[in-house]
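S.K.: Mind having a look at this structure? Questions to follow.
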Amino acid sequence: MDANNQDVGARVRAAREYARLDPDELAAKLRTDGFRFSRSTLDRVEANKRHLDVREAQLIARETGVPLTFLVRGWWSPPDLVERVAALEEELSQSRRERDALGRALAALRDTLQTRLADQSETGLEQDQTPADEADRSEEGGRRTP
């Protein structure tokens, strides 16, 4: 673990308190895992007076139910990750705007097609009737029936 990280002790204490363990209880749990971890050792870790190695951090994380990354780094997010999330949120927002615009265009196209089909249906009926009327007239010799 990073020796320069002065918040490890506070995070170990927070993890212990999260698990509702007192220092003696956590030290005892760590001793059962084969480490020589006393209450005074835990006190020194929590006071940042003793370095915590990775294996010890793994055991503390397991015994307290917190992620190892919390003990190692806390809840800090790397700046590049924050920037990437912001970029993805903007991309998602842009995609939603494009989707909405396409939806409006599709609705307008549907309305236009429905109107044209309705117009063609009306015009088509009139045109269909006209040739049929002419065929009737030619059969009758051009006479009109009353």
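S.K.: Just the Cα atoms of region 8-73, one point each, no solvent: what log10 I(q)/I(0) does Debye give at q = 0.17, 0.20, 0.27 Å⁻¹?
M.R.: After summing over all Cα pairs, the log10 values are -0.46, -0.66, -1.35.
S.K.: Now for a separate question. Hey, fewest Cβ within 10 Å first, where do ASP100, ASP43 land in order?
M.R.: Working: ASP100 10, ASP43 15.
Lowest to highest Cβ neighbour count: ASP100, ASP43.
The numbers here are math on the coordinates, done by the rules we state, and not lab data. What you see is a predicted model; the values in this text were computed from it and never measured. Neighbour counts run over all protein chains shown; Cβ positions are idealised from the backbone, glycine included.
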